[in-house]
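Asker: Supplied in structure tokens, the structure appears directly below.
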Amino acid sequence: MAVERVKVIQNILSGNDQVAERNRERFDEASVLAVNVMASPGAGKTSVIVRTMEALRGRARVGVIEGDIAGSIDTERVLKAGAVDAIQINTGGNCHLEANMIQKALDGLDLSALDLLFIENVGNLVCPTHWALGEHIRLCVLSTAEGDDKPVKYPEIFATSDVIVLNKIDLIELVDFDREFFYESVYALNPQVPVFEISCRTGTGVAEWAEWLVANRVEMPEVLMVERV
Amino acid sequence: MHEFGVMMYLLDAVEEKARELNASRVLVINLVIGDRASIVEDSLDYYFDQMTPGTLAEGARLSMRRVPMRFKCLNCENMFTPVNGTFRCPVCDSVGQVTEEGSEFLIESIEIER
């Protein structure tokens, strides 16, 4: 029987990408800016979300989708900090979120009541990188305590992020974090990427980061920032 | 660990393509995977063996062409694969710039029987 070789040339995860595009359409229709928050465990993903919400209080209605292997501690934390709505996805061992998990979660979330949606990915610097969720902004959070060599060791996440938040900047002197080496590696992978140095503990730099973030929403079509007290 | 999910989507895509082509079975799946994708081949092979029985790809061979991550030196234009935990050029020690080479994540072709 004749064997035939057929060209395909298709992204391996195109099935996931298609679902991500549909999620994106839902975000766009509701004028919700969606942010995929990626980092290793303990870098401060939830703290960054909480601090950003505090900085934008009265200016943006924030929702959160929390991806964790188990538990709902983070959901409780963001609701307490003022999130309008929060949904927990337990991946049951899966190391990253996939677009269809977000699609399902969106059925339980009223997007029309939100301006900003944080999707907190599972703590991991490798696996979330290849799975588009439909987000507008890919945020990578790194903490100084993890070390300045993370861009060299995990290049893809730094190469494909739209913005980087360097958290725990108050610890920088204590953990021998070489700023010059870090920036050199980051810009080798992603020359234009904005980097914000912040401390969720002291509040340093949070306001600048939050302003940058909402400016992205203002640029979305047909958006009126909701002004509330 | 994300190889499980990758294999699920990969097999879905292959199965869909094979049906489109009226294939009776798939003999080879040719992938191109850049090192930036952090894919563990053994793990991919493992899930392939676990998940293909009963599909058109049962008994097929999974062929992977790996592409190393390549940087271009901004100073001397040397192309290099980073070594020793730095993105500096091994020739002139200037900082390089990442290129698209090594970010491939593709089903390149399938070999089928009709």
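Asker: Take the Cβ-Cβ distance between residue A:26 and residue B:42 as r, set R0 to 30 Å, and report the resulting FRET efficiency rounded to the nearest 0.05.
Answerer: Once rounded, the FRET efficiency stands at 0.20.
Asker: Could you list, in their original order, any pairs among A:80/A:150; A:7/B:17; A:153/B:72; A:104/A:150 whose Cα atoms are separated by more than 21 Å?
Answerer: A:80/A:150; A:104/A:150
Asker: Now, a different point. What is the Cα centroid distance between the range A:154-222 and the range A:56-129, reported in whole angstrom?
Answerer: Value for the Cα centre distance between the two parts: 21 Å.
Asker: Same structure again: Using Cα springs under 10 Å in a Gaussian network model of chain A, which residue among A:128, A:191, A:151 shows the largest mean-square fluctuation?
Answerer: A:191
Asker: Still on this structure: Skipping prolines and chain starts, which residues have an amide H placed within reach, meaning under 5 Å, of the one on residue B:28, given they are 5 or more residues away or on another chain?
Answerer: When sequence neighbours closer than 5 places are left aside, the close amide H contacts are B:61, B:111.
Asker: For chain B, what's the relative contact order in percent, using C-alpha pairs closer than 8 Å and at least 6 residues apart?
Answerer: Reported relative contact order: 36 percent.
Asker: If I stretch the segment between residue A:204 and residue A:104 completely, what's the gain in nm (0.36 nm per residue apart, minus their alpha carbon distance), one decimal?
Answerer: 32.4 nm
Asker: If you don't mind, there's one more thing I want to ask. Going Cα to Cα from residue A:45, which aspartates and glutamates come in below 15 Å? Please leave out same-chain ones fewer than 8 positions away.
Answerer: A:54, A:66, A:68, A:74, A:76, A:120, A:146, A:197
Asker: According to the square roots a ≥ b ≥ c of the eigenvalues of the Cα gyration tensor, what is the shape class of the range B:41-104, taking rounded for a/c under 1.5, prolate for a/b larger than b/c otherwise, and oblate for the remainder?
Answerer: prolate
Asker: Calculate, for residue A:193 and residue A:171, the FRET efficiency according to 1/(1 + (r/R0)^6) with r their C-beta to C-beta distance and R0 25 Å; round to the nearest 0.05.
Answerer: It comes out at approximately 0.70.
Asker: Residue A:7 to residue A:216: extension gain in nm, 0.36 nm per residue of separation minus the Cα-Cα distance? Kindly include the intermediate steps, with their values, before the conclusion.
Answerer: Values: separation 209, 0.36 × 209 = 75.24 nm, distance 3.93 nm.
That pair, residue A:7 and residue A:216, stretches by 71.3 nm at full extension.
Coordinate-derived values only; no laboratory data. Remember, predicted model here, so these are calculated numbers, not experimental data. With ideal geometry, Cβ positions are generated from the backbone for all residues, glycine too; neighbour counts draw on all protein chains shown.
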